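Novice: Let me begin by handing over the structure; questions about it come next.
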2 protein chains.
Amino acid sequence: MDEKERVKGRGRPSLSDAAKNAKRTEIAAIALRLFLEEGFESVSMRRLGKEVGMTPMALYRYFPSKLDILTNLWVYIIDLAFENVAAIKGQAPDQREELCQICNAYVGYWRDNPAHYHLVFMSGGVSNSTVKLFVEQQNVITKFEIFFMYLAELRCEPRESASVKRATDGLITHLHGIMHSLITMQGYSWTDQKTLIEGAVSGSVHVA
Amino acid sequence: MDEKERVKGRGRPSLSDAAKNAKRTEIAAIALRLFLEEGFESVSMRRLGKEVGMTPMALYRYFPSKLDILTNLWVYIIDLAFENVAAIKGQAPDQREELCQICNAYVGYWRDNPAHYHLVFMSGGVSNSTVKLFVEQQNVITKFEIFFMYLAELRCEPRESASVKRATDGLITHLHGIMHSLITMQGYSWTDQKTLIEGAVSGSVHVA
DNA sequence: ACATTTTTATATACGCGTAAACTTTTTACT
DNA sequence: AGTAAAAAGTTTACGCGTATATAAAAATGT
């Protein structure tokens, strides 16, 4: 939080990292509950402060902004999403079927937890630069590695080849599009998730 | 703006539709200039009111909210964008190439106008039912028809067949995923838009 | 003990979007 | 002309995120 660490001398000592992290965790836990229950924008810092038991401005000792509390929760939620995905590995008879199942688990997680989806992908007032920073800072991207591995194997091409990169980016964007469309445009009668994902996987395996 | 129209009787008469629309147009024009110059969030209603020459609250006689001013501008601009998309029809040597160009125009529009993308697809906050209503109201969905037509022809299948429906839904979701990923996750070095779209089109043409 | 220094925590204040209360303007009816 | 009514327009007020000013707490140096 603070720029430099003072080693010794006069003055009240900084909170220990442990104490600070404990408080951050406590705030984050309460924020997560409130955000999921009532939505990010509906929960004010004054309200959150009251629930945590501190003044609104005291929260700023632990998080630089309200938005920063949110991005912190993203990490936690995305980890949850990929736990679901990891649980499927090595369960299906063949790789192709397993990739489909993994894609369904990934998309399914967000559809089953639309509040999480809204928190991560649709929280209002979040600028591009914020998301960009988040994606770079946290290793969300490394989580996509699993898709690379499956496609390299299924396509019988090296993991680092340009065509695997193209195919995987195509698959990932397609999955996000399926999620996004099914969740946010419910007025349209989409083809069912499983069929759409089968098509996405099929395309990513066979595309040039 | 108002629920019911009073035909006659006592009381000051409502502004004529012409007068009201003139004022709306004037406000919208100034808002567009300011939003483009300084950004939506940086322009306050107090500031906009001053520029237009009325009190902040008087603006609410003509638009129900600040966001509504922006959506109004968006409607105007998106109509132009779809004219652009339509303008591509019949220009390319073959249908397949033309579909690619149309997809690129569609995705490119949103990437060139990320504020509009955020407004329509990420206006999360309280109600995505608002977004849903807007999308349905402006029948954006009926604009998807163009994708159905191209795929029916390219796949040599009837427009109403289940496989054309599957393929088109696959293409549309993929396009939205490409948009969404490129716009909101700029920290990741995605394959370029054109290549991704080529893959999306390829998949939609060949998928079962 | 007491002053000094640094950190933590609170209180105050600002501009924001806009709801609600209020005032002004414009009409019709007596 | 005077009054009632309704829309237009203004003022005031609220809660918001948070910058800034201030106070309180907790350590060291004398």
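The values are calculated or read from the model by the stated rules, or taken from the named source; none is laboratory data. Everything quoted here is computed from the prediction, not taken from an experiment. Neighbour counts run over all protein chains shown; Cβ positions are idealised from the backbone, glycine included. We work out accessible area using only protein heavy atoms, side chains counted, and drop any ligands, DNA or RNA first. Shrake-Rupley method; radii C 1.70, N 1.55, O 1.52, S 1.80 Å.
Novice: Mind ranking A:147-159, B:12-24 by how tightly packed they are, going by the mean number of other C-beta atoms within 10 angstrom, highest first?
Specialist: Numbers: A:147-159: 16.7, B:12-24: 11.4.
Packing order, densest peptide first, comes out as A:147-159, B:12-24.
Novice: May I pose another question? Give me the summed buried accessible area for the A-B pair, 1.4 Å probe, to the nearest 100 Å².
Specialist: On the way: alone 12350 and 12800 Å², together 21550 Å².
Rounded to the nearest hundred, the buried surface is 3600 Å².
Novice: If you don't mind, there's one more thing I want to ask. Using a 1.4 Å probe on the protein chains only, how many percent of the accessible area of region A:68-206 belongs to carbon and sulfur?
Specialist: Details: 2810 of 5490 Å².
Result for region A:68-206: 51 percent of the exposed heavy-atom area is carbon or sulfur.
Novice: Note the angle between two axes, namely the Cα long axis of helix A:95-112 and the longest principal axis of the Cα atoms of chain A, as a number of degrees from 0 to 90, rounded to the nearest 10.
Specialist: The answer is roughly 40 degrees.
Novice: Given a 1.4 angstrom probe, what's the average accessible area per residue across chain A, in square angstrom? Mind dumping the intermediate values first?
Specialist: On the way: 10550 Å² over 208 residues.
Accessible area per residue, chain A: 51 Å².
Novice: For chain B, what is the relative contact order in percent, using Cα pairs closer than 8 Å and at least 6 residues apart in sequence? Spell out each step's value before the answer.
Specialist: Numbers: 128 pairs, mean separation 32.5, N = 208.
It comes to 16 percent, rounded to a whole number.
Novice: Can you check what the net charge comes to around B:E145, using other residues whose Cβ is under 14 Å from the Cβ of B:E145 (Lys, Arg +1; Asp, Glu -1)?
Specialist: +1
Novice: Here is a follow-up. How far is helix A:145-155 tilted off the main Cα axis of chain A, in degrees rounded to 10, range 0 to 90?
Specialist: Roughly 10 degrees between the two axes.
Novice: How much accessible surface area, in Å² rounded to 10, belongs to the heavy atoms of A:E5 with a 1.4 Å probe?
Specialist: For A:E5, solvent-accessible area is about 150 Å².
Novice: OK, next. Nearest 20 debye, what's the magnitude of the dipole of chain A about its Cα centre given +1 on Lys and Arg Cβ and -1 on Asp and Glu Cβ?
Specialist: On the way: 24 positive and 24 negative charges, 232 e Å.
For chain A, the charge dipole is close to 1120 debye.
Novice: In µm²/s, what is D for chain A at 37 °C and 0.692 mPa s, where D = kT/(6 pi eta Rh) by Stokes-Einstein and Rh is the Kirkwood radius from Cα pairs? Mind dumping the intermediate values first?
Specialist: Working: Rh = 19.5 Å.
Translational D for this selection: 168 µm²/s.
Novice: Defining the label point at 7 Å along Cα→Cβ, can you sort the distances from B:K20 to the same site in each other copy, shortest first, in nm?
Specialist: 5.7
Novice: Give me the log10 of I(q) over I(0) for the protein assembly as shown at q = 0.09, 0.14 Å⁻¹, as the Debye formula computes it from C-alpha points; what are the numbers?
Specialist: -0.67, -1.31
Novice: Give me a single rounded figure for B:159-165: the average over its residues of other chain Cβ atoms within 10 Å of their Cβ.
Specialist: 1
Novice: Here is a follow-up. What percent of all Cα-Cα pairs in region B:13-63 falls into each 5 Å bin, going from 0 up to the bin containing the maximum distance?
Specialist: Spelled out bin by bin, region B:13-63 gives 5, 21, 30, 24, 12, 5, 2, 0 percent.
Novice: May I pose another question? Could you rank the peptides B:69-81, A:45-57 by their average count of other C-beta atoms within 10 Å per residue, with the highest value first?
Specialist: Working: B:69-81: 16.5, A:45-57: 14.3.
Final packing ranking: B:69-81, A:45-57.
Novice: With each label point set 7 Å from Cα along the Cα-Cβ vector, what nm distance links B:E145 and B:V75?
Specialist: 2.0
Novice: Hey, for A:R33 with labels 7 Å out along Cα-Cβ, what do the inter-copy distances come to in nm, ordered shortest first?
Specialist: 5.2
Novice: How far apart are the A:R46 label points across copies, placing each 7 Å from Cα toward Cβ, in nm, shortest first?
Specialist: With the label placed 7 Å along Cα→Cβ, A:R46 yields 1.7 nm.
Novice: Only helical DSSP H runs with n ≥ 4 go in: add -39500 (n - 2.57) per run for chain A, normalise by residue count and round the 222 nm mean residue ellipticity to 500 deg cm²/dmol.
Specialist: Details: 10 runs with 139 residues, N = 208.
Helix contribution divided over all residues of chain A: -21500 deg cm²/dmol.
Novice: Still on this model: Bin width 10 Å, origin at 0, all Cα-Cα pairs of region B:15-120: what percent of pairs per bin?
Specialist: 13, 38, 25, 16, 8, 1
Novice: Mind checking the mean number of beta-carbon atoms from other chains within 10 Å of the Cβ atoms in A:194-207?
Specialist: Working: counts 0, 7, 7, 2, 4, 12, 7, 2, 5, 13, 2, 1, 5, 8.
Mean number of neighbouring Cβ atoms from other chains: 5.
Novice: Quick one: angle between helix B:17-38 and the longest Cα principal axis of chain B, in degrees between 0 and 90, rounded to 10, please.
Specialist: In chain B, helix B:17-38 runs at an angle near 60 degrees to the longest axis.
Novice: If you count, for every residue in B:91-98, the Cβ atoms of partner chains within 10 Å of its Cβ, what is the mean?
Specialist: Working: counts 0, 0, 0, 0, 0, 0, 0, 0.
Average per residue, whole number: 0.
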